[in-house]
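Written below as structure tokens is the structure these notes are about.
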Amino acid sequence: MTPLERYYKFYNLSGVPARLLEDQEYYNIYQRPLKEKRSEHPKVIVWKENATQQSDLAEMPIDLKRYHYFLIVIEISKRRVDAEPIKYKFTNSVIKAFIKIYGRGRI
């Protein structure tokens, strides 16, 4: 059985030389992605403190206090970070978490 026949039989690319897959659909798996140039990196221009902030809602691992998510806020110019755990992704709980984070005065 040739490597190409094994590929079609088992739907597996391991052991199949790239030259046999040049005309196949999954050939791009063997190609390396192009490296980003420094000029292509996203840039954030910050003109004053607290002008630009980012936030994200992420899922937590299992917690004994039954918190399932946490809200993170990052102030970009000074690189300050603050977070607040929340139990549910409802609008009210996210707004309360934002109020707690900004009420602490760290950001």
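We did not get these values from a lab; they are worked out from the coordinates using the rules stated. Computed from a prediction, not measured in an experiment: that's the story for all the values here.
Things worth noting here:
- Nearby lysines by direct alpha-carbon distance to K87 (threshold 17 angstrom, same-chain neighbours under 8 apart not counted): K65, K96, K100
- Over all pairs of different C-alpha atoms in region 53-104, the reciprocal of the mean inverse distance, the Kirkwood hydrodynamic radius, equals 11.3 Å.
- For region 46-59, 3J(HN,Hα) per residue [Karplus equation, 6.51 cos²θ - 1.76 cosθ + 1.60, θ = phi - 60°, Hz, x = Gly/Pro]: 10, 9, 7, 5, 6, 7, 10, 9, 10, 9, 8, 10, 10, 8
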